[in-house]
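Asker: Attaching a single structure in structure tokens format; questions to follow.
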Amino acid sequence: MTGLPVVSCGIAAESPTAGPPETDREMGPRLIESRRFGPLEVWPDKVITFPMGLIGFEEFRQYVLVAPEGLEPLSFRVALDDPDVAFPVLPGELCLPGYAPTIPSETLDIIGGGPGGHVEILAICATAPDTGTLHANLRGPVVVNPATRTACQAVLHDGNYSLRHLLGAG
């Protein structure tokens, strides 16, 4: 089957922490069709659950990460319930060197993480319609716990980060 690679939280398949539970592999893949990405073969161990959904898209709870060739490091969170709903994301540290927001404890509780636990931080990106420039939302990062395959969009209230951080600027 051809199609774009579906990855789990950005963790390489050979990573020891990325090993899928055997029951997930035994279930087999699900085929979804996206107008933007074409056919996607989605294994259960690649699905990330957002118990609260994403802000403004609360009805969509399950996503996969799709990494189109040639767009690296940009990847897309694609909703399983509507594969035409996709959000471009980048690792937070690629958007802003030293980006290390304090994640609210409520967010960590939702994803089953705790202080000192490994989480991945992604920034949702968007193109500004007025200028065509690419921006990252650093005030609403997506926090992923790869161990539980659970994620949540945090809301940072400290004001240290921008909703429209300009990417690619010197």
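Asker: LEU108 fails exactly one of the following numbered conditions: (1) in contact with a Pro (Cβ under 8 Å, 6 or more places away or on another chain); (2) farther than 22 Å from ARG36 by Cα; (3) at pLDDT 95 or above. What is the number of that condition?
Answerer: Among (1) in contact with a Pro (Cβ under 8 Å, 6 or more places away or on another chain); (2) farther than 22 Å from ARG36 by Cα; (3) at pLDDT 95 or above, LEU108 violates only (3).
Asker: With the condition kept exactly as written, say whether any residue in segment 66-80 is modelled with pLDDT of 90 or more and farther than 30 Å from ARG139 by Cβ.
Answerer: Looking only at segment 66-80, we keep the residues that are modelled with pLDDT of 90 or more, and these are 66-80.
Remaining after also requiring farther than 30 Å from ARG139 by Cβ: 69.
Checked segment 66-80: at least one residue is modelled with pLDDT of 90 or more and farther than 30 Å from ARG139 by Cβ.
Asker: Right, another one. Give the number of residues within segment 125-162 that are without any contact (Cβ under 8 Å) to a residue 60 or more places away in the chain and surrounded by 13 or more Cβ atoms within 10 Å (Cβ to Cβ).
Answerer: As a first pass, look at segment 125-162 and keep what is without any contact (Cβ under 8 Å) to a residue 60 or more places away in the chain: 125-139, 141, 143, 145, 148, 154, 156-160, 162.
So of that shortlist, the ones also surrounded by 13 or more Cβ atoms within 10 Å (Cβ to Cβ) come out as 125-126, 133-139, 141, 143, 145, 148, 154, 156, 162.
Going through segment 125-162 one residue at a time, the tally reaches 16.
The values are calculated or read from the model by the stated rules, or taken from the named source; none is laboratory data. Remember, predicted model here, so these are calculated numbers, not experimental data. FYI the Cβ positions are ideal-geometry reconstructions off the backbone, even for glycines, and counts take in every protein chain you see.
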